[in-house]
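This report concerns only the one structure given below.
The values are calculated or read from the model by the stated rules, or taken from the named source; none is laboratory data. If you're wondering where the values come from, they're calculated on a predicted model, not measured in any experiment. Cβ atoms come from the backbone with ideal geometry, glycine included; neighbour counts cover every protein chain shown. Quick note on the areas: whole protein, heavy atoms, side chains included, nothing else; ligands and nucleic acids left out. Shrake-Rupley method; radii C 1.70, N 1.55, O 1.52, S 1.80 Å.
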Amino acid sequence: MKKVYLLSAILVAASALAQKQSTAWRVDSVLELMTLEEKVGQMNQYNGFWNATGPAPVGGDAATKYQHLRNGWVGSVLNVQGVEEVRAMQRVAVEETRLGIPLIFGCDVIHGYKTLSPVPLAEAASWDLAAIEKSARNAAEEATAYGLNWTFAPMVDISRDPRWGRIMEGAGEDPFLGSRIAEARVHGFQGSALNDPLSMAACAKHFAGYGFSEAGRDYNTVDVSDYTLYNVIYPPFQAAKKAGVATFMNSFNTLNGIPATGNQALASVLKEDWGFEGVLVSDWGSIGEMQAHGYAENLTQATQQAATARCDMDMESLAYVQYLAALVREGEISESIVDDAVRRVLKLKFDLGLMDDPYRYCKRPGSWEPTTSPWSADAQDLAEKSAVLLKNNGILPLTKKQAIALVGPMVQEKNSPLGNWRVSSDDNTALSLYEGMVQVRGEKRMAVASGPVFLKGPISFPFEAEINTTDTAGLHSVVDAARNAEIAILALGEHGFHSGEARSRMSLHLPGVQEHMIREVLKVQEHVVLVLYAGRPMILPEDITEQVDAILLAWQPGTMGGPAIANLLMGKRSPSGRLPVTFPRTEGQIPLYYGAFNTGRPGPSDAVFWSHYGDGPNTPAYPFGYGLTYSTVTYAATQAKQMGDSIAVTALVKNEGKVAVDEVVQLYARDHHSSVGVQPVRRLIGFQRVTLKPGEERMVSFSVTADLLSVTTSEGERLFEPGTFSFWVAPHSAAGTSASLDWK
Ligand code: BGC
């Protein structure tokens, strides 16, 4: 029997008027039609629970969820892949429910859909905001062709702990860089309008503090000061909000004793202080997890706590759908909280254009081969811009004539470079370094060997990657190839599945038998170049970093990593990436970050009574902002001059070498006294990526406003206090000459 769809009838009748009516009016007109259960349904999100193009599920959880969907008790689903599936599930929501309200389809489109850019931390190393925005745009263009309209990205969590596996998903340790990247990513995903079918709603996650989990162990406790909260953790979220991000996601952790998902103070910062009008979704199961935290006695109480903390949507806790309506009826929760949440969800559906056409994301079905897709050239460009040259004694770039040994576990890897956060892309679709070198340099005089097995078994998203730590069979092939070549290129590091969610590590050394491999190669070959694949800062022993000729950090470079890294090795382009996070010398230094406080005993001094370690230096292996090029760029002394209500800070920068380079010129400041509290020894307040031809010099100048020098108080106020400031225009956070002045 043909169904009458009440909502579509109303919408069609109203369509002439609709253009003129505000979305708020349209939202309210839908809200008025809804029962309490239907309202709660809009606050319920399920993981894709059945193959929607197949028969309806019978029995078990899937059947219950299916019934919920048909009842109109589901507002959104995640992880449904492909237009056919999306269309089939949307059809149930639109045609089989009383009101026919369409679903929003969410997915973790983190650094691409099938065509993968470098992992987000790597992208951050490009310091190229336009390229990062383009990468998010490309991801949206590809993902929307598969029916999706909501990505759970960008993750804007600042982290200063490389043990935390999810450091790979963020923009590193710095709130200023993190904020600019947050804006770029939101603009990229959402484009100029959400109702553009190539745009998807973005999600600033995880609110808040997730990157500060104690000891870098994922999901662990977070206990931070107001200073850190307001000046380090919040800024990228605020930047995302200002950029118009459509949604936020709660974090799993407790924040100063209260789970973020049930944290009313956090909600009021977001929704009152910042005026966020979008949807706040829980993280996966994070409402239910409040029981394990010891905050909720049962799921009913967790429901109450999350709803009171104005979490608008329950991702997979099955809490709201079971208990929320009853709690409202019992007067435990005001219906106005539910109405507010539903308004936000409906508004998003209107903004995405779904209320006008639920299938608008199903009209551009496509599927592209990742390495030749319309986005692959940009993915390669960003992989080239992201790689960081950590050491070079002149051996790089290579020449075509040299006999090289291309060896190590990453040489022929087509999977690991994709990283682990690739819900939708297909395994083994990256171009390997070997394939890249063949493309760029040709196969002549190139011996290839992968060496000992790296992983003991198959890898998969939910399980630990098991590393071979004992078996060195195959090492001889690496050593022989290295001995017989003029240069050994050793491609190694951690596997793509060693970083990401739940992939914290105690040791940041090269896993398995790799350090042994490098030392064996160094015995037979004087010229060794390391190409390091990683999703986090790694620790390389000093005897190794001293002996090798060059180290190029490739990160997990994505689909086009092979040709990108080959182009850099062969000098088709100069490396230009800069570290968005400090590389410590040893795990014992963690957390180690440049924007630290001075302490009362900064030292050094002859006696032991200063803030230091007795068994090693305070300084990192490589500081934040660090990265070399194939040229030498010099910086003249920093100049600072007050110009009315701003300060002009300048430095003359010169490319002294023979190749063109992109130089990331960084501006740091220090506020010597603040009534809010102690301020960091340096903080990044500006940067410019400038292209310098051989011999070119350029006056790089920054205009520093009071806002850039302000501090946020624990009341959330931006406070500027005149006084003494120092500035550095520098190639990284541990370099440069300073200029000080008194802002009057
Ligand atoms: C992660 C989120 C992600 C969600 C949905 C969670 O485990 O913490 O970042 O968006 O799953 O996949």
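Largest accessible area first, the listed residues ASP707, ASP283 line up as ASP707, ASP283 when surface is computed with a 1.4 Å probe on the assembled protein chains.
For the pair region 540-602 / region 21-100, the C-alpha centres are spaced 46 Å from each other.
In order along region 314-322, the phi-based Karplus estimate (6.51 cos²θ - 1.76 cosθ + 1.60, θ = phi - 60°) of 3J(HN,Hα) comes to 9, 8, 6, 8, 6, 8, 4, 4, 8 Hz; Gly and Pro are listed as x. Within the assembled protein chains, the solvent-accessible surface assigned to ASP662 is about 40 Å², based on a 1.4 Å probe.
Rounded to the nearest whole Hz, the Karplus-based 3J(HN,Hα) values (6.51 cos²θ - 1.76 cosθ + 1.60, θ = phi - 60°) of region 520-525 follow the sequence 5, 5, 5, 5, 10, 9, with x at glycine and proline.
Rolling a 1.4 Å probe over the protein chains gives LYS134 an accessible area of about 100 Å². Look at where the Cα atoms of region 627-656 and of region 510-526 average out, and the two centres are 40 Å apart. Above 16 Å, the calculated P(r) of region 326-380 contains 67 percent of its Cα-Cα pairs.
Between TYR320, THR64, TYR622, the Cα set farthest toward the positive side of the dipole of the chain (charges on each charged residue's Cβ, about the Cα centre) is that of TYR622.
Quick one: angle between helix 175-190 and the longest Cα principal axis of the chain, in degrees between 0 and 90, rounded to 10, please. Rounded to the nearest ten degrees, it is 50. Relative contact order of the chain, taken over Cα pairs closer than 8 Å and 6 or more residues apart, is 13 percent.
Expected output is a single nm value to one decimal: the length gained when fully extending between SER29 and ASP223, i.e. 0.36 nm times separation in residues minus the C-alpha distance. What is it? Walk me through the numbers on the way to the answer.
Working: separation 194, 0.36 × 194 = 69.84 nm, distance 4.35 nm.
Between SER29 and ASP223, full extension yields 65.5 nm more.
FRET efficiency for the pair ARG519 and ASN428, taken as 1/(1 + (r/R0)^6) with r the Cβ-Cβ distance and R0 = 41 Å, rounds to 0.85. Treating each Cα of the chain as an identical point scatterer and summing with the Debye formula, the log10 of I(q)/I(0) at q = 0.05, 0.06, 0.07, 0.12 Å⁻¹ comes to -0.26, -0.38, -0.51, -1.36.
Region 161-184 and region 228-280 have Cα centres separated by 16 Å.
Sparse packing (at most 15 other Cβ atoms within 10 Å of the Cβ) combined with a DSSP loop state is found for the following trypsin sites (Lys or Arg not before Pro) in region 559-620: LYS572. Once all protein chains are placed together, GLU32 keeps about 150 Å² accessible to a 1.4 angstrom probe. With only Cα atoms counted, region 163-211 has Rg and Dmax values of 12.6, 40 Å. Taking 7 Å steps out from each Cα toward its Cβ at GLU330 and THR634 produces label points 7.6 nm apart. Sorted largest first by accessible area at a 1.4 angstrom probe radius, with every protein chain in place, the residues SER714, SER76 fall in the order SER714, SER76.
Charge tally around ALA405: other residues with Cβ under 11 Å, Lys/Arg +1 each, Asp/Glu -1 each, net 0. Spin-label model, GLU546 to THR619: label points 7 Å out along the Cα-to-beta-carbon direction sit 1.5 nm apart.
Please tell me the relative contact order of region 375-589 in percent, rounded to the nearest whole number, where contacts are Cα pairs under 8 Å and at least six residues apart.
Working: 473 pairs, mean separation 75.9, N = 215.
This gives 35 percent for region 375-589.
Just name one of VAL659, ALA640, THR724: the one whose Cα is farthest towards the positive end of the charge dipole of region 633-742 (beta-carbon charges, Lys/Arg +1, Asp/Glu -1). About the Cα centre, the residue reaching furthest to the positive side is VAL659. For the pair THR705 and ALA265, the difference between a 0.36 nm per residue extended length and the Cα-Cα distance amounts to 155.3 nm.
If the limit is 28 Å between Cα atoms, which of LYS134/LYS347; LYS205/LYS349; LYS401/LYS654; LYS205/LYS641 go over it?
Numbers: LYS134/LYS347 26 Å; LYS205/LYS349 20 Å; LYS401/LYS654 31 Å; LYS205/LYS641 39 Å.
Table pairs above 28 Å Cα-Cα are LYS401/LYS654; LYS205/LYS641.
When the C-alpha to C-alpha distance is required to be over 25 Å, the pairs from LYS385/LYS444; LYS39/LYS242; LYS114/LYS414 that qualify are LYS385/LYS444; LYS39/LYS242.
How would VAL438, VAL548 line up by accessible area, probe 1.4 Å, largest first? Numbers along the way, then the final one.
On the way: VAL438 45, VAL548 0 Å².
Of VAL438, VAL548, the descending order of accessible area is VAL438, VAL548.
Charged side chains reduced to their Cβ positions (Lys and Arg at +1, Asp and Glu at -1) give region 375-589 a dipole of some 560 debye around its Cα centre. Quick one: angle between helix 299-308 and the longest Cα principal axis of the chain, in degrees between 0 and 90, rounded to 10, please. Approximately 80 degrees, to the nearest ten.
Spin-label model, GLU717/THR399: points 7 Å from Cα along the beta carbon direction are separated by 6.6 nm. DSSP bridge analysis restricted to the chain gives an antiparallel fraction near 55%, rounded to the nearest 5. Its relative contact order, with pairs defined as Cα atoms under 8 Å and 6+ residues apart, puts region 370-444 at 29 percent.
For the chain, with only Lys/Arg (+1) and Asp/Glu (-1) charged at the beta-carbon, what is the dipole magnitude about the Cα centre, in debye rounded to 20?
Charge dipole of the chain: 1660 debye, to the nearest 20.
Only Lys, Arg, Asp and Glu carry charge here, each on its Cβ (+1 for the first two, -1 for the last two); on that basis region 292-335 has a dipole of about 40 debye about its Cα centre.
Based on the Cβ-Cβ distance from ASN47 to ASP471, what FRET efficiency comes out when R0 is 56 Å, to the nearest 0.05? Kindly include the intermediate steps, with their values, before the conclusion.
Numbers: r = 38 Å, r/R0 = 0.68.
Efficiency computed from Cβ-Cβ geometry: 0.90.
Ranking THR691, SER714, THR650 by Cα position along the charge dipole of region 633-742, where only Lys, Arg, Asp and Glu carry charges on their C-beta atoms, puts THR691 farthest toward the positive end.
Calculated FRET efficiency, LYS654 to LEU741, Cβ-Cβ distance, R0 = 25 Å: about 0.55 to the nearest 0.05. Debye-formula intensities of region 633-742, expressed as log10 I(q)/I(0) at q = 0.11, 0.12, 0.22, 0.23 Å⁻¹, are -0.37, -0.43, -1.14, -1.22 (one equal scatterer per alpha-carbon, no solvent). Looking at the chain, the accessible area is 37 square angstrom per residue; that uses a 1.4 Å probe and ignores ligands, DNA and RNA.
The angle between the Cα long axis of helix 376-386 and the main principal axis of the chain comes to about 50°, on a 0 to 90 degree scale.
For the chain, the fraction of 1.4 Å probe accessible surface lying on carbon and sulfur atoms is 51 percent.
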